[in-house]
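Novice: Here you go, one structure.
Readers should treat all values here as calculations from the given coordinates under stated rules, not as data from a laboratory. Fair warning: this is a prediction, and the values are worked out from it, not measured in the lab. Here Cβ is always computed from backbone atoms with ideal geometry, including for glycine, and neighbour counts include all displayed protein chains.
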Amino acid sequence: MARWTEEDVLLLKETYPVLGLEKSAEILRRTKPSIRQKASRLKLKSPLAGKHNIVDKDNIISRLKDTEYELVSEYTRANKKALYKHKTCGYEWESSYNNLVKLVGCPNCSTSGNKESTKFVYLCYFEALGLHKVGVTADWDKRKYDFLPGTLPKLLQLVECDSNESALELEEFILSDVELYNTGELRNGNTETFLCEGFKQIKELLYA
């Protein structure tokens, strides 16, 4: 791959924040992983960066309207903790909206069995995208087929937890310690991806 010139960098700064990854790669005639890595080092944000993480508070209240749950405290982002209440039993607990959706049950009285099931936190790598991803699954052998058609990610680490709730807490703790980079290129799980620069710190957390 040709070295980055000053003109290349200038063009990337002009195109990437406005046109995004694919268009910048096309204009600069470089691969998407190359564009993504350089943009990260320059701290450039694409038009799609983080858009799936930011949700309006009124939107959350509306989504919870016909459920057994309600938002009690202030709300900021889908992956940040807020206080929720189970209207049926009155139990209140802190959770991110993402984890509330994944748990689908009150930690105090859920009959779904989620609290008792064994879950795994995984760290994988998508070589074609130059991205790492963290997530929670009950079966990695099935989960690995869900992201990119015809391409399997490389599993770097799989940590067994004693419950779904503890797995989600570990996932949330890890994601709070890396700089998320959402490309929208996976079929799902785009809000838990980050660039290679975050590998060292996340590896230390998973192997601790």
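Novice: Sorting Thr5, Thr137, Thr151, Thr193 on the 10 Å Cβ count, fewest up front, what's the list?
Specialist: Going from least to most buried by this count: Thr5, Thr151, Thr137, Thr193.
Novice: List the aspartates and glutamates whose alpha-carbon lies under 13 Å from that of Lys45, not counting same-chain residues fewer than 8 positions away?
Specialist: Glu14, Glu179
Novice: Moving on to the next point. When Asp177, Asp146, Asp141 are ordered from fewest to most other Cβ atoms inside 10 Å of their Cβ, what list results? Each step should come with its number before you reach the end.
Specialist: Values: Asp177 11, Asp146 14, Asp141 8.
With the sparsest Cβ surroundings first, the list reads Asp141, Asp177, Asp146.
Novice: To continue, here is another question. What's the exposure ranking of Glu70, Glu171, Glu6, going from fewest to most Cβ atoms within 10 Å? Let's see the in-between values first.
Specialist: Numbers: Glu70 15, Glu171 24, Glu6 7.
Least crowded to most crowded, the residues run Glu6, Glu70, Glu171.
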